[in-house]
Amino acid sequence: MERFQVPSREEVNTNNQAIFDNLKKAVGFVPNLYAYYAKNETALGDYLTLQNRKTTLKAKEKEVINLVVSQYNGCNYCLAAHTQIGKMNGFTEDQIVEIRTGNASFDNKLDALAKFVLATVKNRGRASEEVKEQLFDAGYTEANLIDVVIVIGDKTISNLIHNLADFEIDFPLAEELQAAAI
């Protein structure tokens, strides 16, 4: 029995076909992760709504979160995708590798964010008072903290889906990190 196959456009419902068409126009292709969500009648639309919600965070900040969470959860698909998106948002390859370790020494504000995200996922939401204070001292607010947690949740969903289904990665693979790096 074959499971965890990415469906083609013809294999999904008409609502998901329309989303596929929009993705193809916007991105140039339908990423396998999104296509896989379309096996469920509503999951792809729901996930894209979550992912595209209005937020207090800048694109670079969201990528810091995506990279740290994907590294922590060991999701090679999301690491590959967000390495490319990180580059599109102005990060260098070296900066992306550093972010994945929960650090961003090249930018104090992003460094506080990366450390907070890693502490949050490692401790299941129980980041230390010190790490929270560093986040606030860097200029983040409680509204930002809420958005950070929502992005952590968003990325965790995708990480778990790919880690369970393990379908083909359709982005250039991200560099492997040393096991002790995170």
query: What is the distance in Å between the Cα centres of the stretch 25-48 and the stretch 59-102?
result: 20 Å
- prompt: Asp166 to Glu2: extension gain in nm, 0.36 nm per residue of separation minus the Cα-Cα distance?
  reply: 57.8 nm
statement: Nearest 10, in degrees from 0 to 90: the angle of helix 142-165 to the longest Cα principal axis of the chain is 40 degrees
query: So which lysines pass the test for Lys25, namely a Cα distance under 17 Å, with those fewer than 8 places away in the same chain ruled out?
result: none
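Between Gln17 and Thr49, what length comes free when the chain is fully extended (0.36 nm per residue of separation minus the Cα-Cα distance, one decimal in nm)? Intermediate results must be reported in sequence, preceding the final value.
Numbers: separation 32, 0.36 × 32 = 11.52 nm, distance 1.61 nm.
Working it through step by step, the gained length comes to 9.9 nm.
Return a whole-number percent for the relative contact order of the chain, with Cα pairs under 8 Å and 6 or more residues apart as the contact set.
Values: 207 pairs, mean separation 50.6, N = 182.
About 28 percent, as a whole number.
Per 0.36 nm of contour for each residue apart, how much would the distance between Lys87 and Glu129 grow if the chain were fully extended, relative to their Cα-Cα spacing? Could the numbers behind the result be given before it?
Details: separation 42, 0.36 × 42 = 15.12 nm, distance 3.20 nm.
This chain segment gains 11.9 nm when fully extended.
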Pair Ala59, Ile157: separation of 7 Å Cα→Cβ label points (nm): 2.2 nm
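Calculated from DSSP H runs of 4 or more alone, at -39500 (n - 2.57) each and per residue, what is the 222 nm mean residue ellipticity of the chain, nearest 500? Please list the in-between numbers first.
Values: 9 runs with 112 residues, N = 182.
Taken over the chain, the calculation gives -19500 deg cm²/dmol.
Return one quarter of the surface area of the convex hull spanned by the alpha-carbon atoms of the stretch 1-156, equal to its mean projected area, in nm². Walk me through the numbers on the way to the answer.
Values: hull surface 40.6 nm².
Directional mean of the projected Cα hull area for the stretch 1-156 stands at 10.1 nm².
Every number here is computed from the coordinates shown, using simple stated rules; none is lab data. Quick caveat, the model's predicted, so the values are computed rather than measured. Virtual Cβ from ideal backbone geometry, glycine too; neighbours counted across all protein chains shown.
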